Amino acid sequence: MPEGANAVTELRREHDAMEAMAARVASLEPCPERARLVHEVASRFLTHARAEQRFLYPALRRYLPAGGSDAVEQTRQDDAAEQIALSIDRAGEDSDAYEALVNQLMLDIQRHVATQETVLLPTLLDTCPPEDLNNLGRQLRAGLADEREGDA
């Protein structure tokens, strides 16, 4: 990602990548490639959510009028998605519950992206000083890199 991208640009790129992966999951019949992609999108979302919890949600609390409750709700949704991702891993591809869990995770990711793209990020862009957005972008880039390095 470009070094100078602010937080909103960073997150939109992340969201675009996750949405593309989720669309690919939806387009595939059950097969090893799909199972690998489900694992990959779940891992990417969890890494993304951890970085947001460390960096974005404190900024929401600071700059958005209802930022405290927004951050709490986003964290709650992230935690629920994490539980679904763990359930997918435990269930395995051959489980009766697998498809329902995968579908729920993909819906949760879509909801996460939609909420942030239509409500939270535009408001943050309007209320957060540009220099703070740039600093937050650097923090998110570094945090995502650290999280992904730790997952490897």
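Computed from the coordinates by the stated procedures, all read-outs in this text should not be read as laboratory data. As the structure is a prediction and not an experimental result, all values here were calculated from the model. Methodologically, a virtual Cβ is constructed for each residue, glycine included, from the backbone with ideal geometry; neighbour enumeration extends over all protein chains shown.
Let's see how each residue does on (1) in contact with a Phe, Trp or Tyr (Cβ under 8 Å, 6 or more places away or on another chain); (2) closer than 14 Å to ARG13 by Cβ:
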position: LEU121; (1), (2): no, yes
position: THR127; (1), (2): yes, no
position: GLU131; (1), (2): no, no
position: ASN134; (1), (2): no, no
position: ASP146; (1), (2): no, no
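If only residues of the range 31-45 that are part of a helix (DSSP H, G or I) and free of Cβ contacts under 8 Å to residues at least 12 places away in the same chain are counted, the one that is surrounded by the most Cβ atoms within 10 Å (Cβ to Cβ) is ARG34.
Cβ-Cβ distances below 6 Å connect the following pairs, each with a first residue in the range 129-144 that is farther than 19 Å from PHE45 by Cβ, a second residue that is among the small types (Gly, Ala, Ser) and in a helix (DSSP H, G or I), and a separation of six or more residues or different chains: LEU133/ALA7; LEU136/ALA7; LEU136/ALA59; GLY137/ALA7. When you scan the range 97-119, do you find a residue that is buried (at least 16 other Cβ atoms within 10 Å of the Cβ), of a type in the set (Phe, Trp, Tyr) and more than 16 Å from VAL25 (Cβ to Cβ), even just one? No.
Given the options LEU105, LEU28, name the one that is touching a helix residue (DSSP H, G or I) at 6+ places or on another chain (Cβ under 6 Å), of a type in the set (A, V, I, L, M, F, W, C) and free of Cβ contacts under 8 Å to residues at least 12 places away in the same chain.
LEU28
Restricting attention to the range 87-96, the residues being exposed (fewer than 14 other Cβ atoms within 10 Å of the Cβ) and without any contact (Cβ under 8 Å) to a residue 24 or more places away in the chain number 5.
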